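Read the figures in this text as sums done on the coordinates, not as results from a lab. All values reported here derive from a predicted model rather than from experimental measurement. A quick note on method: Cβ atoms are made from the backbone with ideal geometry, for glycine too, and the neighbour counts reach across all protein chains shown.
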Amino acid sequence: MTGKTIFIDNRERSGLEKLVMKHAAKAKIACEVQENLLSDYSFGEVGIEAKTMEDFFQSLHSGHLARQLDNMDDNLTRYALVIHGTLDKYVAGIKRRGRKIPYAAIEAQFIGALARFDVDYDVTIMHFPSTSAAARWIVKRCEKDGTVGSSSTRTLRRTASEDVRVDALRAVGCSEAQAKSLLAVFGCIIEISAATKKELMTIDGIGKVRAEAIHTGLTSEQPVVKERVKKGTA
């Protein structure tokens, strides 16, 4: 075994969980079924919420998905939304139930929702046509968690901006967009460090946990160690 463990929420019943276990076993990664309070799958500092295409639209329309993303944003350092299934099958299913909605309208709603969530939550969003592909990604993401890519891969990633202030804020938990927003609102790092956590949370994508990390990282006189927080329900 690799020493890594994927924790699977005991309420998962989509069939994805079985495939995750199958692919994890091949990768020599342990799986443990338990009550996950925040997401369907978790490992390290990462939480993953998984949805079939039908579940995605149901939770989108009910507002439940937005609440789940809010909860993960407040309590997790890194999180992802994984959607498995195709729009073709989803549209065919609703037509069989007597609802006549044009494919183009469903597609526009899907793309618009993904763009909105990306902007509002800075969340990793993955869409796979099959459940098996989604399972393989979850396992592979766990397998690579905490590792560094090759030098050729790393050159493709922008690890530093042209503004050292942005880099400093990224080091304490901000995305580049959040760092730039903080600087635009507060003016400089000194003013950001003097801001209250509530004031920091007025920036899009900064929830309670990220605001705490920023505040602690900029003001602590002691070494700052990242901790994982679990609150709420998935």
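Values computed for the structure shown
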| quantity | calculated |
| --- | --- |
| Test item: Cα-centred dipole of the chain, Lys/Arg +1 and Asp/Glu -1 on Cβ, debye | 980 debye |
| Burial ranking of peptide ranges 39-47, 113-121, 101-109 (average Cβ count within 10 Å, highest at the top) | 39-47, 113-121, 101-109 |
| Percent of beta bridges antiparallel (DSSP, the range 39-147, rounded to nearest 5) | 20 percent |
| Debye, to nearest 20: dipole size of the range 153-219, +1 on Lys, Arg Cβ, -1 on Asp, Glu Cβ | 260 debye |
| Relative contact order, percent, the range 153-219 [alpha-carbon distance under 8 Å, six or more residues apart] | 30 percent |
| Over the chain, relative contact order from alpha-carbon pairs under 8 Å, at least 6 apart, % | 24 percent |
| Computed over the range 37-157: relative contact order in percent, which uses C-alpha pairs under 8 Å that are six or more apart | 26 percent |
| Packing rank of 59-65, 132-138, where each peptide gets the mean count of other beta carbons within 10 Å, highest leading | 132-138, 59-65 |
| Share antiparallel - DSSP beta bridges, the chain, percent rounded to 5 | 25 percent |
| Positive-end residue of A104, V166, A213, charge dipole of the chain with Cβ unit charges | A104 |
| Dipole magnitude (debye, nearest 20) for the range 1-124, charges at Cβ of Lys, Arg, Asp, Glu | 800 debye |
| Segments 81-89, 206-214, 139-147 sorted - mean Cβ within 10 Å per residue, highest first | 206-214, 81-89, 139-147 |
| 30 Å Cα cut-off, lysine pairs counted over the range 5-144 (separation 8 or more, or different chains) | 25 |
